[in-house]
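What follows is a single structure, written as structure tokens, with notes after it.
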There are 2 protein chains.
Amino acid sequence: MMTDKCSELKSFMAKQRVPLSEEDFALISAAAVYKSVRKKELLLQAGEVCRFKIFISQGFLRTFRFDGEGNEHILQFSSGQSWTTEGESYSNQSPSAYYIEALEDSELLMWTKDSFDQLLAAIPALKAFSEQLIFNNLHASRNRLYKAISASPEEKYEDFVQTYPGILQRVPLRMVASYLGVSLKTLTRIRQGQLQR
Amino acid sequence: MMTDKCSELKSFMAKQRVPLSEEDFALISAAAVYKSVRKKELLLQAGEVCRFKIFISQGFLRTFRFDGEGNEHILQFSSGQSWTTEGESYSNQSPSAYYIEALEDSELLMWTKDSFDQLLAAIPALKAFSEQLIFNNLHASRNRLYKAISASPEEKYEDFVQTYPGILQRVPLRMVASYLGVSLKTLTRIRQGQLQR
DNA sequence: CACCAAAGAGGACATTTGTCCCTGTTTTAC
DNA sequence: GTAAAACAGGGACAAATGTCCTCTTTGGTG
């Protein structure tokens, strides 16, 4: 039954104080596509259109892409109880430059843009929540950009540990390095306290 | 008269194909505060709340902040015929970490959050346009973040020149360096072709 | 007109960061 | 259970980047 697949979503929306009636929530649940994925499965490939907005009930995802030299760069980690998508591809239904991959076995709820747009039009509280999410994303993105252009690798690492305690235990260090935009070597040196300053 | 102060805004909205009626536009104009500023004037100081959303009729602004060592970092250049604000401070009406400064004599139209929110509620086309602006901002911010963590200083510079031809002629190089997150020395070396690769 | 501040190029040097190797350990796959 | 791959630390070295300094030019200001 759909309802039990949606229990994490329900508690998440409640915790976020999104005022959804039972009917609202039934609409949202009915439009959701449930998907269970194994570690290393790709939810989106570069070149594909990102058709879905995703709520992660459980698990852990990353969004990344490759540069011209074939190096991976991680733009985002997405943990359980949060929303994600590749925004540019999803908004415009245009090909994505990014991959989305499961870093752990995960359980997801997904909505196509068409169905989600209908929900937004029908449910003002969902619309308001969605706008809030966008704002939060924008502010987080700008703050991270500021760190990226202003902080030393060491400061970036400290900031990462502060901001996302727990992720360090879930992903390989090289992915943290990739997320921070430094080499694994630099990250190792920082962690070993091998910097004399 | 307000109307002529708003002519640039009118042509901008027309060019962006925002379907505003004459009445809509009259409402928007009536709520606007016109301000003319001289080069080097501050429109927002760190610690202040950003009370306004700004349309730049003419001129050029920058948004920047200081890090712990007192170094300036430029987050954004805003040229004429575009909108700007300090989003996080404006949204939450909370103290800003950023400064906004005129880099050239500029002419601005400004709306308080209260008055702009009223306009958004009253004018669906403005609301839709505003949402589009937010999306564009988010996508631009993410793309820039990707460059920041993935590209070499040289690639960042090339990208800057491609993306913002013209800015180079309007601002000191040290500000470009600050925007890119590299030292002036590095930028000079790139421009002199002093890198042997 | 004179003066001062800002801009930016260049040199010298130190530091940081990255790349390339290797090694030992842990995890994954069959 | 075993082989293979991934992970992460270490050393050696090279390259990139930053800091500090000087010098010259330019532009603004009184």
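The values are calculated or read from the model by the stated rules, or taken from the named source; none is laboratory data. This structure is a prediction, so every number in the text was calculated from the model and none was measured. Note: ideal-geometry Cβ built from the backbone for every residue, glycine included; neighbour counts use all protein chains shown. What goes into the accessible areas is simple: the full protein's heavy atoms, side chains included, and nothing from ligands, DNA or RNA. Shrake-Rupley method; radii C 1.70, N 1.55, O 1.52, S 1.80 Å.
In this structure, the amide hydrogen of A:G80, modeled 1.01 Å from its nitrogen in the peptide plane, lies closer than 5 angstrom to those of A:G59, counting only residues at least 5 positions away or on a different chain. Hull volume per residue, based on the alpha-carbon atoms of the range B:82-136 and their convex hull, is 106 Å³. Per residue, the accessible area of chain A comes to 51 Å² when a 1.4 Å probe rolls over the protein heavy atoms. Across the alpha-carbon atoms of the range B:129-183, the computed radius of gyration and Dmax are 12.5, 37 angstrom. Structure note, pairs A:K39/B:K147; A:K147/A:K185; A:K15/A:K156: Cα-Cα distances above 26 angstrom occur for A:K39/B:K147; A:K15/A:K156.
Count neighbours as other Cβ atoms within 10 Å of each site's Cβ, and list the GluC sites (Glu not before Pro) in the range B:47-77 that are DSSP loop with at most 10 such neighbours.
When the GluC sites (Glu not before Pro) of the range B:47-77 are filtered for loop state and at most 10 Cβ neighbours within 10 Å, B:E69 remain.
Look at the stretch B:132-143: the mean tally of other chain Cβ atoms within 10 Å of its residues' Cβ atoms is 5. Diffusion of the range A:93-182 by Stokes-Einstein, at 37 °C in a medium of 0.692 mPa s and with Rh set to the Kirkwood radius over alpha-carbon pairs, works out to 203 µm²/s. Within straight-line reach of B:K53, meaning a Cα separation under 18 Å, sit the following lysines at least 8 residues removed in sequence or on another chain: B:K5, B:K10, B:K35, B:K113, B:K127. Springs join every pair of Cα atoms under 10 Å in this Gaussian network model of chain A, and among A:A177, A:A122, A:A32 the largest mean-square fluctuation is at A:A122. Bridging of B:K40 to aspartates and glutamates at a Cα separation below 14 Å is possible for B:E101, B:E104, B:D105, B:E107, once same-chain residues fewer than 8 apart are set aside. Rounded to two decimals, the Cα-based Rg/Rh of chain A, with Kirkwood Rh, is 1.00. Relative to its Kirkwood radius, the Cα radius of gyration of the protein assembly as shown gives an Rg/Rh of 0.97. Of the trypsin sites (Lys or Arg not before Pro) in the range A:16-83, the ones in a loop by DSSP (not H, G, I, E or B) with at most 12 other beta carbons within 10 Å are A:R17, A:R38, A:K39, A:K40.
In a reduced charge model with +1 at each Lys and Arg Cβ and -1 at each Asp and Glu Cβ, the protein assembly as shown shows a dipole moment near 1140 debye about its Cα centre.
Across identical copies of the chain, B:R17 has label-point separations of 4.0 nm, listed in ascending order, with the point defined 7 angstrom from Cα along Cα→Cβ. Taking amide H atoms as placed 1.01 Å from N in the peptide plane, the amide H of A:L43 lies under 5 Å from those of A:I100, A:E101, A:A102, each 5 or more residues away in sequence or on another chain.
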